[in-house]
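J.: Submitted below is the structure of interest, expressed as structure tokens.
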Amino acid sequence: AKLGYFKDEL
Amino acid sequence: MNVFRLTGDLSHLAAIIILLLKIWKSRSCAGISGKSQILFAIVFTTRYLDLLTSFISIYNTSMKVIYIGCAYATVYLIYMKFRATYDGNHDSFRVEFLVVPVGGLAVLVNHDFSFLEILWTFSIYLESVAILPQLFMISKTGEAETITTHYLFCLGLYRALYLLNWIWRFYFESFFDMIAIVAGVVQTVLYCDFFYLYITKVLKGKKLSLPA
């Protein structure tokens, strides 16, 4: 998982 | 967004609100580990710095603001407003034994050696062990108020639901984040004995008391 994609979660 | 992640977020939000209301209404933080609440405030602060750099959705931003706001409000109530009711003697977990190894691990094991990414990784690792002072305190006092057990149940359930969310995203979006998943499994496993006590005792109307 790259930075940015996963960060849509809390 | 999927149903597991949404119910997970709502369970997390419920836990945060339950705790805040418990302290505010009863005007007491007896049985609550202030150290765990400080760790959660650190978890949210280090994870949600991207509030300043990127916008994902109204939902995402508002939930992050609510989480951070409630976390600091809870710490304020415990250490300032109702500090006379804070049970410091039983809240004796050495959090430096958590923060230092977690900090070191975040620098060694991460997806990208950048400032925000290392902070995010630190926050993920720290969240997985942040409840330990609270569980330790309950084991020392040998009991917990029923409202506190509901708080812990919602808090533990949220990351368990996130595990299902990650299974969903792996299957439907061929996405997975090993760091988050491993930390999430550790975090959920730490609640297992509490879940057992909660389901066998609290849900049967008994008080949660550990065998002293």
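J.: Look at the range B:119-152 and say how many of its residues are assigned to a helix (DSSP H, G or I), in contact (Cβ under 8 Å) with a residue 60 or more places away in the chain and not aliphatic (A, V, I, L, M).
T.: So the answer is 14.
J.: When the residues of the range B:50-65 are narrowed to those that are in contact (Cβ under 8 Å) with a residue 40 or more places away in the chain and surrounded by 15 or more Cβ atoms within 10 Å (Cβ to Cβ), which ends up farthest from B:Trp120 (Cα to Cα)?
T.: Of everything passing the filter in the range B:50-65, B:Met63 is farthest from B:Trp120 (Cα to Cα).
J.: Among the listed residues B:Gly69, B:Gly31, identify the single one that is modelled with pLDDT of 95 or more and touching a helix residue (DSSP H, G or I) at 6+ places or on another chain (Cβ under 8 Å).
T.: Only one candidate passes the filter, namely B:Gly31.
J.: Does the range B:142-196 hold any residues that are within 13 Å of chain A (Cβ to nearest Cβ) and among the polar types (S, T, N, Q), and which are they?
T.: Correct list: B:Asn165, B:Ser174.
J.: In the set B:Arg47, B:Arg83, B:Arg94, which member is within 14 Å of another protein chain (Cβ to nearest Cβ) and of a type in the set (Lys, Arg)?
T.: Only one candidate passes the filter, namely B:Arg47.
J.: Considering only the range B:1-43, state which residues are aromatic (Phe, Trp, Tyr) and buried (at least 20 other Cβ atoms within 10 Å of the Cβ). Lay out the reasoning, then the answer.
T.: Here is the first cut: in the range B:1-43, the ones aromatic (Phe, Trp, Tyr) are B:4, B:24, B:40.
Once the filter is applied, which keeps residues that are aromatic (Phe, Trp, Tyr) and buried (at least 20 other Cβ atoms within 10 Å of the Cβ), the range B:1-43 yields only B:Phe40.
J.: Look through the range B:102-126, keep the residues that are more than 12 Å from chain A (Cβ to nearest Cβ) and of a type in the set (A, V, I, L, M), and return whichever of them is surrounded by the most Cβ atoms within 10 Å (Cβ to Cβ).
T.: B:Leu126
J.: Give the range B:27-39 a look and list any residue that's in contact (Cβ under 8 Å) with a residue 60 or more places away in the chain and part of a helix (DSSP H, G or I), or say none.
T.: Taking the range B:27-39 first, the residues in contact (Cβ under 8 Å) with a residue 60 or more places away in the chain are B:30-33, B:35-36, B:39.
The answer is B:Lys35, B:Ser36, B:Leu39.
J.: Sticking with this one: Is it fair to say B:Tyr86 is crowded, with 17+ Cβ neighbours inside 10 Å and in contact with a helix residue (DSSP H, G or I) (Cβ under 7 Å, 6 or more places away or on another chain)?
T.: Here the answer is yes, as B:Tyr86 does meet what is asked.
J.: Being of a type in the set (Val, Ile, Thr), in contact with a helix residue (DSSP H, G or I) (Cβ under 6 Å, 6 or more places away or on another chain), within 14 Å of chain A (Cβ to nearest Cβ) and outside any helix (DSSP H, G or I) narrows it down to one of B:Ile56, B:Ile16, so name that one.
T.: So the residue among B:Ile56, B:Ile16 that is of a type in the set (Val, Ile, Thr), in contact with a helix residue (DSSP H, G or I) (Cβ under 6 Å, 6 or more places away or on another chain), within 14 Å of chain A (Cβ to nearest Cβ) and outside any helix (DSSP H, G or I) is B:Ile56.
The values are calculated or read from the model by the stated rules, or taken from the named source; none is laboratory data. Just so it is clear, the model here is predicted, and its values are computed rather than measured. Neighbour counts are summed over all protein chains in view; Cβ atoms, including those assigned to glycine, are modelled from backbone coordinates with ideal geometry.
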